[in-house]
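J.: Provided herewith is a single structure, encoded as structure tokens, for subsequent inquiry.
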Amino acid sequence: MSNVVEVSDKTFEEEVMKSDAPTEVDFWAPWCGPCKMVSPIYDKLSEEYQDFKFCKMNVDENPQTAMQYQIMSIPMQMFFAGGEKVDELLGAVPEQSIRSKVDEVLQKFPTDEKGKLKSILSSWVDHNTQDSAKFKKWTQEAQELKDTQLYNNLTQIAQEIDEANGKLSQLLKEL
């Protein structure tokens, strides 16, 4: 039995964008031969992956969403997580390609609490590391602000953030 959810222009926001689980949407039409070829793959995968949501949308009956996502060719599979489009597959691709894409999305957007925490911390540490490098470069170039209270406060706080980032990195390794 398939667990694929039929979505429409009216239900897309609630079913896909507000979904707690990573979600795939198969944009299709009844007259599309390649769409009929991949449909059973999504039926099968929807039964296997309990932590991933599979949906399908008839583009002929739902032109608003199809237009919003610029669907020009079908079958088009788009992957969503956290209310954003995160990837896509175009065409009648083999099951293994679809399965690999689902696994990849699940790895980037885990559904278990520990995995979510690890993903959040990884993103946080990466962004702080990048921002810290930008800030260090700025401090080298901000000659006119040196020896001001603002500059001194900023550099002190940046150092504290770097230390906290190091501690978060260590905790991330322990997860």
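J.: Diagonalise the Cα gyration tensor of the range 5-108 and give the resulting equivalent ellipsoid semi-axes, square root of 5 times each eigenvalue, largest first, whole Å.
T.: Values: eigenvalues 68, 57, 27 Å².
Value: 18, 17, 12 Å, ordered largest first.
J.: Is the shape of the range 113-174 rounded, prolate or oblate, going by the alpha carbon gyration tensor and its root eigenvalues a ≥ b ≥ c, with a/c under 1.5 for rounded and a/b larger than b/c for prolate?
T.: Numbers: a/c = 3.86, a/b = 2.74, b/c = 1.41.
Verdict is prolate for the range 113-174.
J.: Determine the dipole magnitude for the range 3-69: charges of +1 sit on the beta-carbon of Lys and Arg, -1 on that of Asp and Glu, nothing else is charged, the reference point is the Cα centre, and the result goes in debye to the nearest 20.
T.: Details: 6 positive and 14 negative charges, 38 e Å.
Value, rounded to 20: 180 debye.
J.: Now, a different point. In the Gaussian network model of the chain, springs joining C-alpha atoms below 10 Å, which of ASP43, ASP126, ASP147 carries the largest mean-square fluctuation?
T.: Taking springs between Cα atoms under 10 Å, the residue moving most is ASP147.
J.: Quick check: pseudo-label points 7 Å beyond the Cα along Cα→Cβ at LEU175 and ASP51, how many nm apart are they?
T.: The answer from the label model is 1.3 nm.
J.: Taking a ≥ b ≥ c as the square roots of the eigenvalues of the Cα gyration tensor of the range 1-51, is the shape rounded (a/c under 1.5), prolate (a/b larger than b/c) or oblate? Walk me through the numbers before you get to the answer.
T.: Values: a/c = 2.57, a/b = 1.23, b/c = 2.09.
Verdict is oblate for the range 1-51.
J.: Which entries of LYS101/LYS173; LYS85/LYS114; LYS146/LYS173 have Cα-Cα distances beyond 32 Å here?
T.: On the way: LYS101/LYS173 26 Å; LYS85/LYS114 23 Å; LYS146/LYS173 37 Å.
Check vs 32 Å cut-off fails for LYS146/LYS173.
J.: For VAL86 and THR139, what is the calculated FRET efficiency with R₀ set at 35 Å and r taken between the beta-carbons, to the nearest 0.05? Write out the running numbers ahead of the final one.
T.: Details: r = 35 Å, r/R0 = 1.00.
Approximately 0.50, to the nearest 0.05.
J.: While we're looking at this one, here's another question. Counting helices only, and only those DSSP H runs with n ≥ 4, report the 222 nm mean residue ellipticity of the chain as the sum of -39,500 (n - 2.57) divided by its residues, in deg cm²/dmol to the nearest 500.
T.: On the way: 5 runs with 91 residues, N = 175.
Estimated from H runs of four or more residues: -17500 deg cm²/dmol.
J.: Just to be sure I understand: with springs between alpha-carbon atoms less than 10 Å apart, which residue in TYR42, TYR69, TYR151 has the highest mean-square fluctuation in the Gaussian network model of the chain?
T.: TYR151
J.: If you don't mind, another one. With a sphere of radius 13 Å drawn around the Cβ of PRO94, what net charge do the other residues whose Cβ falls strictly inside it have (Lys, Arg +1; Asp, Glu -1)?
T.: Values: positive: LYS44, ARG99, LYS101; negative: GLU95.
Every neighbour counted, the sum reads +2.
J.: Here is a follow-up. Once R0 is set to 25 Å, what does the formula 1/(1 + (r/R0)^6) return for the Cβ-Cβ distance between ALA29 and GLU104, expressed as a FRET efficiency to the nearest 0.05? If you can, show how the numbers build up before the last one.
T.: Details: r = 27 Å, r/R0 = 1.06.
In this case the efficiency is close to 0.40.
J.: Rounded, prolate or oblate: pick one for the range 94-141, where a ≥ b ≥ c are the square roots of the eigenvalues of its C-alpha gyration tensor, a/c under 1.5 means rounded, and failing that, prolate if a/b is larger than b/c, else oblate. If you can, show how the numbers build up before the last one.
T.: Details: a/c = 8.95, a/b = 2.34, b/c = 3.83.
It comes out oblate by the Cα gyration axes.
J.: Using every Cα-Cα pair within the chain, state what percent have a distance larger than 22 Å.
T.: On the way: 8524 of 15225 pairs.
Result for the distance tail: 56 percent.
J.: How much length, in nm to one decimal, is gained on full extension between GLN68 and TYR151, taken as 0.36 nm per residue of separation minus their Cα-Cα distance? Could you put the intermediate results ahead of the total?
T.: On the way: separation 83, 0.36 × 83 = 29.88 nm, distance 4.57 nm.
Working it through step by step, the gained length comes to 25.3 nm.
J.: I've got another one for you. Please report the base-10 log of the normalised intensity I(q)/I(0) for the range 56-128, using a Debye sum with one equal scatterer per alpha carbon and no solvent, at each q in 0.15, 0.21 (1/Å).
T.: -0.65, -0.97
FYI, it's all coordinate maths here, none of it is from the lab. Model, not experiment: these values are computed from the prediction. Here Cβ is always computed from backbone atoms with ideal geometry, including for glycine, and neighbour counts include all displayed protein chains.
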